[in-house]
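*Asks:* Here it is, the structure in full.
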Amino acid sequence: MDNYIILIFSGIILLIAGVIVALHIHYKRIITEKERGILHHIHEQDRLMKEMEHINVEKKVVERMLEKKFDAMFFFTAKTQTREGTKARKHEASPQPPPKEGEFPPFGGTKGVLVTCNS
């Protein structure tokens with residue numbers, strides 16, 4: 001009879017040990033899957049950062065190219081203008097006084113006669 005009791009207790013201990021090992025393996029798999037997901041996100045962020053750096057470099061190159069083109073266009077237009085055209089352009093660029101309260105500039109800008117609003 002004592003042998004049966006020892007056999008039953010040893011079986012229960014083995015079952016408990018098996019459950020503990022199964023739980024340990026299960027949670028170990030869950031942890032590795034989460035770590036794998038975190039690593040995947042980190043690699044994705046690194047890839048996006050490299051892509052953003054590449055795009056930023058391309059943007060700077062395009063900005064420099066456009067700046068050079070605009071500078072060349074401005075130099076070409078400034079070179080072809082005569083002195084009278086430059087003086088006329090300076091005269092046109094003179095600042096206009098701001099409209100008085102209740103008055104609005106006519107359609108097309110601030111040049112010309114100010115129109116009063118009677119409401």
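*Asks:* Looking at V19, is it in a helix (DSSP H, G or I), aliphatic (A, V, I, L, M) and at pLDDT below 95? Before you say what the answer is, go through the steps one by one.
*Replies:* Details: in a helix (DSSP H, G or I): yes; aliphatic (A, V, I, L, M): yes; at pLDDT below 95: no.
Here the answer is no, as V19 does not meet what is asked.
*Asks:* Here's a follow-up. Are any of the residues in the stretch 43-61 surrounded by 10 or more Cβ atoms within 10 Å (Cβ to Cβ), at negative phi and not in a helix (DSSP H, G or I)?
*Replies:* no
The values are calculated or read from the model by the stated rules, or taken from the named source; none is laboratory data. Note that this is a predicted model, so its numbers are computed, not measured. Cβ coordinates were reconstructed from backbone atoms using ideal geometry, including for glycine residues, and neighbour counts include every protein chain displayed.
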